[in-house]
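Undergrad: Quick one: structure below, then a few questions.
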Amino acid sequence: MKNYVKQFVSVAACGLAAACATTHPVPTELADARAAYGHATSSEGATLAQAQMHVAKTALEAAEKQFSADAENPKTRDLAYIAARKAELAEAVGDMARLEEQQKEGEKAIGQYQVASGEQKDRELTSVKKDLASAQLQAKDALLQLTSLRDKVKQDERGLVITLSGNVLFGSNKTELLPAARTQLDDIVRALVGAKDQAIIIEGFTDATGATERNEELSKHRAEAVMNYFAEKGLALERMRAVGRGPSNPIADNKSAEGRATNRRVEIVVQAQGAASR
Amino acid sequence: MRIKSIVTGSLAALALAACATVPAPQVRLADSQAAVRAAGEVGADKVPKAALHLQLANEGLETAQKMISKGQNERAEYTLQRAQADAELAIALAKLEPVRNKVLQTTEQLEQLKAKNVR
């Protein structure tokens with residue numbers, strides 16, 4: 001009889017405990033932990049952080065178990081709080097792994113574009129070679145000079161364009177050529193001296209800092225300085241023209257120091273026959 | 001009545017004895033302090049969401065130390081676990097921020113290259 005009574009009391013006690021657990025309101029911490037775990041497991045990086053997800057799951061299970069056993073115990077809220085943090089940590093670990101993968105893919109794609117761009121420059125140089133030959137240049141010497149300026153040369157609707165950094169040619173706000181600039185300009189003179197029938201336009205550009213009028217004047221004086229140097233070195237003055245473009249036609253963002261430096265430049269345009277000019 | 005008070009008194013004595021036998025969570029305290037220090041070192045205070053969890057971790061440490069001084073060792077243990085979890089999350093969030101920014105820059109650069117290539 002005593003045994004039956006004992007069993008009845010245990011069963012009744014378990015039933016009462018279960019009833020208490022189900023009727024107890026879920027603490028905010030546990031609700032947050034459940035939500036955080038759900039969010040983490042459905043995040044994009046979830047599969048990349050499986051170990052951390054498992055830790056989060058174990059923590060949540062411990063909290064749920066404690067809630068079922070003793071909902072009112074502060075330990076329930078503590079374990080739930082910890083479970084929520086573990087879930088957020090798992091999600092952060094997954095995000096990190098996903099972003100690192102994305103970064104690698106992005107860098108690879110940029111590399112491919114840069115290779116393609118180099119190949120494009122090679123194609124442009126090949127096209128320039130043909131144009132120069134047809135313009136009756138001293139082909140061999142001229143081509144060797146241009147190859148050394150590979151990174152500065154491009155072909156566009158105006159003709160062959162050689163872009164030189166303003167910072168290399170001139171001091172800040174100055175219009176006198178720096179001594180170091182002459183070496184680069186000498187290379188260009190050697191390449192161009194054979195192109196007797198082609199017009200050359202030297203265009204000066206500035207960044208967008210300061211008054212437009214002043215920048216146009218500065219860029220014009222700089223273009224003239226380059227043109228006069230070319231004339232001193234043997235290029236016919238009558239085939240050259242110097243133009244100040246000021247801050248127009250920027251090729252980089254003027255908001256950054258690097259962008260402004262890029263925009264401060266001189267472009268030497270060897271006009272293709274019948275080419276458009278700005 | 002007398003039996004009731006004997007039983008109540010015994011239960012209370014047992015509870016007190018149980019509390020007194022829980023040692024101060026020195027290892028957990030050291031671990032939590034180390035995690036909080038690490039969070040500070042990776043610049044968690046400079047990333048908004050990480051900074052929040054770093055602050056929660058610091059507050060948890062402070063609360064736990066007060067609990068230890070009062071002999072509330074079991075409560076202190078759980079409070080320190082919470083603090084450590086906050087600090088570990090702060091570390092992860094702080095490390096995530098520069099990676100996220102770098103990916104944004106790379107994506108922008110790629111978009112510019114694509115646009116240039118189309119022209």
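Undergrad: Given a 1.4 Å probe, how much area per residue of segment B:42-119 is accessible, in Å²?
TA: 58
Undergrad: Hey, what's segment A:56-122 come to in accessible area per residue, 1.4 Å probe, Å²?
TA: 50
Undergrad: Let me ask something else. Any chance you could check the Cα centroid distance between segment A:176-227 and segment B:40-84 for me, in angstrom?
TA: 64
Undergrad: For the pair B:R37 and A:A62, how long in nm is the line joining their label points, each one 7 Å along Cα→Cβ?
TA: It is 2.4 nm.
Undergrad: Given a 1.4 Å probe and heavy atoms of the protein chains only, how would you sort A:H54, A:H24, A:H221, B:H53, largest accessible area at the top?
TA: Heavy-atom accessible area, descending, gives A:H54, A:H221, A:H24, B:H53.
Undergrad: Give me the residues in segment A:81-104 whose solvent-accessible area, probe 1.4 Å, is reduced by at least 40 Å² once all protein chains are included instead of the chain isolated.
TA: The answer is A:Y81, A:I82, A:R85, A:E88, A:L89, A:A92, A:M96, A:L99, A:Q103.
Undergrad: At a Förster distance of 25 Å, what's the computed FRET efficiency of A:S172 paired with A:S117, Cβ-Cβ distance as r, to 0.05?
TA: Step by step, r from the Cβ atoms, then E = 0.25.
Undergrad: Let me ask another. Suppose accessible area is computed on protein heavy atoms with a 1.4 Å probe; arrange A:K65, B:K66, A:K255 from highest to lowest.
TA: Ranked list, largest accessible area first: A:K255, A:K65, B:K66.
Undergrad: Counting only protein heavy atoms and rolling a 1.4 Å probe, how much accessible area do A and B lose on contact, total for both sides, in Å² to 100?
TA: It comes to approximately 2300 Å² buried between A and B.
The values are calculated or read from the model by the stated rules, or taken from the named source; none is laboratory data. Everything quoted here is computed from the prediction, not taken from an experiment. Note that we place each Cβ from the backbone using ideal geometry, even for glycine, and neighbour counts take in every protein chain shown. Calculation scope for accessible area: heavy atoms of the full protein, side chains included, ligands and nucleic acids excluded. Shrake-Rupley method; radii C 1.70, N 1.55, O 1.52, S 1.80 Å.
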